[in-house]
Structures are given as structure tokens and as C-alpha cells.
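Written out below as C-alpha cells is the structure these notes cover.
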Amino acid sequence: GDFSLPPHAAGLAGAAAAEPVPDRYGFYTGAPSTPLPDSSAAAGGGGGGKRRHDALRIIRRREKKWLAMFNNWDRVVAKEFPRLRERCRKGIPDSVRARAWYYLCGACFMQRDQPDLYQRCLAKQPNEKVLDEIDKDLSRQFPHHELFVQDQGHGQQALRRLLQAYSGCHPEVGYCQAMAPLAGALLLHMPELDAFYTMVSLFDTYMRDYFRPGLEAVQVDGQILYGLLKRMYPDVYRHLVKYKVEPLHFMVDWFMCLYVRNLPWPTLLRVWDVYFCEGVKIIFRVAIALLNGILGSSQQRRHLKSFEDTLDCLRNLPASVTEASSLLPAALLLELSTKDFEQEHAKQSKKFNQRKQGRHQMQEAAAAV
């Protein structure tokens, strides 16, 4: 039969074709969706049937390696960690990423040992103030993603439950705005129950003390960042000090939201792949690589000759420094050892506690007067 459209239907077909289509990650960007997950990373980009076939073959091979690791997870973590780390650094295939994060952070063991934890936490409702704060933030999370595009839709309802469950079970912490984009990002990848256990592991282990009142852990990490930067890229450090750009002016968003609001989604996923495997060091490494990418040359610094210009560039990262293909290697190749991080952490923690003690003594003296 003739399957061509009658003339009066052509306009309708054109309108339908013009409707927005989400990209491969589920975002409505207006740009054409990427047809082949991971193809550029696996095959170095380019076109042609053979290249596409080769890319698919590489992806399938990497997926099989991950599935084999899941089946022997305890042994892999205990005896083959260097290999696991290398595979995370290469980028976890999209199809197994959610499961990999869930295993890497230990959420699988938490769910095994406490299968009713989510229901118990949901039963502990936080106070009205916290509930109001959570509700205000729901519509701000990924409004252009198919999961959250509908107001009060399934995505927002699931996010509300996750945040209520965590804050209800942790009244000493309550709710912090930075929690919502992190929990939302997890929901984009995994079912609600898996997202809950992964979120708890993320907040309680990887980001311990980050959400407590006063943000002391974030303040210390800001000083650690500048201490490492001063040692590695003194010219970049001097520029920031010269224009009085302090860590808390820009890195709170980077560190507390783990770059969710700062990096392109493909780059963010690659950073999180490493983060779930290696922990917070990659967050520092990415920060230093970004700062050097923006301020590393004298020519770059000459174009940012004020506090406002420098801060604006740090808050609106140029695309030239956020591509995964350049940012990840730059971050991972930095000559920073675990010992470097530990020494800087000990040094800055001591300084912070001394300043805190000094302020406390001054307040006591003032109160005595």
C-alpha cells in the first residue's frame, strides 16, 4: 500500500517532528540526541559504519567486564582494586553505571543488612519547617529532565520521599539545599530504593559533616584546596589572593553539590565514576584542574583583572575547561599523593581549630566584661 502522507497531514507531521526530544540522558536540551552511548569515548569520535560497530563492540566488552566484577565483588574490591580503579577512571558504561555506583559506595551491603531502613526512615517525619524547605526546592531540581519536568510528578514525589526520609532519620542534620540536586541526580539513574541507600552512603560516609550547621568541613576543605593550589600552581594562587577571591566564594557549590550544577552532564558522570571509587580526592583534583585551566597562563590572568571578573568566570565555567576528554586527564595526572592530601588536611584542620578556639576565647572574654 501507499504509506505516504496526504497533503493535509503533512503540517501535523511537521509539528509532531518539531516536538522536543530528550537527549540520551533524558534532558530536553533542544540539541539532537546522541544515538550511541559512549561511542565517542570508546572510539575517539568520528563517523562511519565500521567505527560505529567498533565502538559498540568496545562498549559491550567493557559491560561484560563490569558484570563479571559484580558477580565477584568482594574479591575484586579486596584483591583487584587497581584494576577496578582503572575501569572507573576510563568511565563506567552507561548501562551499568547505576549498579556500579550502588556497589562502589557500599549501598548494596547496607540494603542487605538493613532491608527495612527506608520504611523506618519514612515513618520518622521531619518538622514542618524542614518539610516546607524540601517542598520549595523540588521544582528547582533538573526542571528540563523528563523525570522532573512535570510539577508534582513521579520524579518530584520520589525526591520528596528521599529527602524527608533522610532528614527525618537525621534530625541533628536536618535538611540542606545541597542535598536535593545530589538525591535528584541519583534518581535519574536508579530506582527510588537503590537511590535511598546510595544517598545515605553518600551523605554519611563520603560527605560526612558536610551538611551540619556552620559548614565547618566545607570551610576546612576550602583551605585545603588553596594550600594544595599554592604548592602546585603558585601563580594561580597569587592571582586569587590578589583579587581577594576566597575559597568559599566559589567552591561551596562545587564541593557540596559535587559539580552537579557546574559541569556538563557527560563530564559530571565521569567525575562521579571516579568519586564513588576513590572518594573526595577527585573533587579536589578537578577543582585544581579547573582553576589551572582558567587561570594557568599569564594571558588568561590578564583578562580577569578584578574580583568580579575572576569570580564570574569561576561561577560560569567556560566550555573550554569542562570537556571530559581534557578535564579528567588533567585532574588525574596531577602529582598529588594520598600523603599530600593527608598532610594538608592535618595542617588546615589544626589552623581552623586554633582560629575557632581563639574566637571562642574572645567571645568568653567579651561576655565576662
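The values are calculated or read from the model by the stated rules, or taken from the named source; none is laboratory data. Note that the coordinates shown come from a computational prediction; the quantities given were computed from them, not determined experimentally. Neighbour counts are summed over all protein chains in view; Cβ atoms, including those assigned to glycine, are modelled from backbone coordinates with ideal geometry. Ligands, DNA and RNA are stripped out before the accessible areas are found, and what is left, the full protein with its side chains, is counted by its heavy atoms. Shrake-Rupley method; radii C 1.70, N 1.55, O 1.52, S 1.80 Å.
Data for the structure
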quantity	calculated
Residue within region 108-122 that is in a loop (DSSP other than H, G, I, E, B), of a type in the set (D, E, K, R), open to solvent by 20 Å² or more (accessible area, probe 1.4 Å) and modelled with pLDDT under 95 present	no
Residues of region 295-317 that turn out to be small (Gly, Ala, Ser) and free of Cβ contacts under 8 Å to residues at least 24 places away in the same chain, as a count	1
Qualifying residue in region 346-358 (condition: out of contact with any His (no Cβ under 8 Å at 6 or more places or on another chain) and buried (at least 18 other Cβ atoms within 10 Å of the Cβ))	yes
Region 66-92 residues that are within 14 Å of residue 328 (Cβ to Cβ), paired with ones that are small (Gly, Ala, Ser) (beta carbon under 9 Å, 6 or more apart)	87/100; 88/100; 90/41; 91/41; 91/42; 91/324; 92/100
Cβ-Cβ under 7 Å pairs, at least 6 apart or on other chains, region 141-153 side of a type in the set (Asp, Glu), far side crowded, with 17+ Cβ neighbours inside 10 Å	146/26
Selection within region 318-365 - in a loop (DSSP other than H, G, I, E, B), of a type in the set (A, V, I, L, M) and without any contact (Cβ under 8 Å) to a residue 24 or more places away in the chain	333
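Yes/no per residue for (1) modelled with pLDDT under 50; (2) assigned to a helix (DSSP H, G or I); (3) open to solvent by 80 Å² or more (accessible area, probe 1.4 Å); (4) among the polar types (S, T, N, Q):
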site	(1), (2), (3), (4)
4	yes, no, no, yes
12	yes, yes, yes, no
16	yes, yes, no, no
35	yes, no, yes, no
40	yes, yes, no, yes
75	no, yes, yes, no
83	no, yes, yes, no
86	no, yes, yes, no
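Results for (1) polar (S, T, N, Q); (2) over 27 Å from residue 217 (Cβ atoms); (3) modelled with pLDDT under 95, shown as yes or no for each residue.
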residue	(1), (2), (3)
100	no, no, no
130	no, no, yes
152	yes, yes, yes
168	no, no, yes
191	no, yes, no
196	no, no, no
203	no, no, no
